[in-house]
1. Could you check the range 112-128 and list, in sequence order, the residues that are open to solvent by less than 90 Å² (accessible area, probe 1.4 Å), assigned to a helix (DSSP H, G or I) and without any contact (Cβ under 8 Å) to a residue 60 or more places away in the chain?
2. Take the range 129-146 and flag every residue that is of a type in the set (Gly, Ala, Ser) and surrounded by 12 or more Cβ atoms within 10 Å (Cβ to Cβ).
3. Name the pairs whose Cβ atoms lie under 7 Å apart, with the first residue in the range 71-91 and basic (Lys, Arg), the second modelled with pLDDT under 95, and 6 or more positions between them or separate chains?
4. Look through Ser29, Ser25, Ser79 and report the one residue that is surrounded by 13 or more Cβ atoms within 10 Å (Cβ to Cβ), polar (S, T, N, Q), at pLDDT 95 or above and under 28 Å from Val150 (Cβ atoms).
5. Considering only residues that are farther than 20 Å from Val116 by Cα and surrounded by fewer than 24 Cβ atoms within 10 Å (Cβ to Cβ), look in the range 38-52 and name the one that is modelled with the highest pLDDT.
6. Could you list, ordered by first residue, the pairs with Cβ atoms under 9 Å in which the first is in the range 132-160 and in contact (Cβ under 8 Å) with a residue 24 or more places away in the chain and the second is open to solvent by less than 80 Å² (accessible area, probe 1.4 Å) and polar (S, T, N, Q), at least 6 apart or interchain?
7. Any chance the range 269-288 includes a residue that's of a type outside the set (Asp, Glu) and within 15 Å of His42 (Cβ to Cβ)?
Amino acid sequence: MIFGEDVAGILLGGLAAGMVLFIVSVGLSVTMGLMGFVNLAHGGFAMIGGYVIVLSMNRLGVPFLPAVVLGFVLTAALSVVLERLFYSRLYRASELDQVLFSIGLAFIMIATVIIVIGPETQPLILPSWLRGQIDLGFTEYRTYSIFLIVFGALVALGLWLGFERTRVGAQIRAAVDNRRMVESLGINIDRLFTFTFAFGSGMAAIGGGLGAEFLGLDPQYTLKYLVFFLIVVAVGGLGRITGVFYAALLIGIMDFVLKKYLPQGGTVFIYAMTIVILLFRPQGLFGRSGQ
């Protein structure tokens, strides 16, 4: 019974971590896969959103759910400004130009947070209804982790329906495949890409805030977890919502298990797995062949 509870705890903990990875990484997948932009500052938007959510709760007394909405809205608004001023000028630039710009922007975000707020880690203080444990019948587990699993599953379902079953989702995918053809149909590509970029950045903000409780939140967050976000996107396949979802769960569970049983250097297995996958399937486990 104890062994069964231990396995259940590992799976639930890994699923919760995977859901946070998915919420952050799906925006990066949209940016890189659907818009064709290598945005290494994506972790910066997650960090900024996390700071908005955490500080609005801790210092302004904003309730949890309104704080999450606030983090999404403000981060999305900031991303619109940056997209119009800078990103849009580099959509047709080389990958090297995109990488240099976005990594430079990431360092600017880090320095700005250090100057304005400070280098200290910001704790996420959960509301009373998300504390403690919940009885699942087969085991008891942290209420907040169960909340993350349910919330992440609903987000995944909503995004899949949005990108695969709506007019806007079809327009975004078509614009990447043949931008000139979509423009000839009278669709405003610039507005479409701005909306997509803002939504992806807002999703990163939500993930940054929700994950602050166990990932931590400090100025180095921008680069600390960037590799994990990139791995999820690479393994899941660019622009593949379902692929990123499954990859995030896989990486989340693996990371949770390795931290529990191999806390010193266990993540090397994740890197090794990623290398092997990309050697045999460069498009990722769930990506389309030839993309």
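1. Passing the criteria: only Thr112.
2. Matches in the range 129-146: Ser145 only.
3. Note: pairs meeting the criteria are Arg84/Thr194.
4. Ser79
5. Leu40
6. Cβ pairs passing all conditions: Ala156/Thr242; Trp160/Thr242.
7. no
The values are calculated or read from the model by the stated rules, or taken from the named source; none is laboratory data. Because the structure is predicted, anything quoted here is derived from the model rather than measured. So basically every Cβ, Gly included, is an ideal-geometry build from the backbone, and we count neighbours across all protein chains shown. Accessible surface is based on the protein model in full, side chains and every heavy atom, while ligands, DNA and RNA are left aside. Shrake-Rupley method; radii C 1.70, N 1.55, O 1.52, S 1.80 Å.
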